Amino acid sequence: MNEETRLVPAQVTGALTKGEPPTLVPVALDEVSTKLVAAIDLIASLIPDLRTPIPATEKKVRGGRTVPREAVLAIIAMVESSGMLQSMNLFDPGHGREVVELDDGYRLLDERLERLRRQVRYTVEARWAEVASDAMAAYMMAKRLSRQPRFADLAAHIAIIARHLDRSNGSKAKSKKKT
């Protein structure tokens, strides 16, 4: 296995839906992303009535956040105890209870997905930091070596890298002093 492959679960959908342990197989890195996106899409498909945010309902949804859970539970109890309110069909207490129960599960899912999002972002940034640190160490060594005649071929690379880095080493402060 080379640097372009990693071990990932084979048949992600089967492992997710049947509870089978994943089989690890080598795949190219772009395949890992594709399989993970497919797994996320599978998870999304399992969520009943999953909705995409739309601007037309944004205010209503935001306003709903201001209604306390306890108030909704009390309204459910009130409607369930009043034949008159039930006959008016203003509010379906069964649907209300279902949403309250789902809300608990979805909040847990939301927290777990947020934690996963933070872990993924941190993993990407941490791995990048490792590579960037090693790359900068190699660049600094090449800069030192390029001063020696036998490593003069490194000078062209150093110039290109310096442009990419656009490092001024405090020249902003120096340019302010000159003016």
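A few notes on this one:
- Residue-wise HN-Hα couplings along region 41-55, as the Karplus relation 6.51 cos²θ - 1.76 cosθ + 1.60 with θ = phi - 60° gives them from phi, are 4, 5, 4, 4, 5, 7, 8, x, 6, 5, 10, 9, x, 10, x Hz; Gly and Pro carry x.
- From phi via Karplus (6.51, -1.76, 1.60), per-residue ³J(HN,Hα) for region 137-148 in Hz, x at Gly/Pro: 5, 5, 4, 5, 5, 4, 4, 5, 5, 5, 6, 8
- 3J(HN,Hα) along region 98-114: 4, 5, 4, 5, 5, 4, 4, x, 5, 5, 4, 4, 4, 5, 5, 5, 4 Hz, from the Karplus curve 6.51 cos²θ - 1.76 cosθ + 1.60 with θ = phi - 60°, whole Hz, x for Gly and Pro.
- Summing charges over all other residues whose Cβ lies under 12 Å from the Cβ of LEU154, with Lys and Arg as +1 and Asp and Glu as -1, gives +3.
- Spin-label pair ARG115/SER87, simplified geometry with 7 Å Cα→Cβ offset, distance in nm: 5.0 nm
We did not get these values from a lab; they are worked out from the coordinates using the rules stated. The shown structure was predicted, so the numbers you read here are calculated from the model rather than taken from an experiment. When we count neighbours, we look across all protein chains shown, and the Cβ atoms used for this are built from the backbone with ideal geometry, even at glycine.
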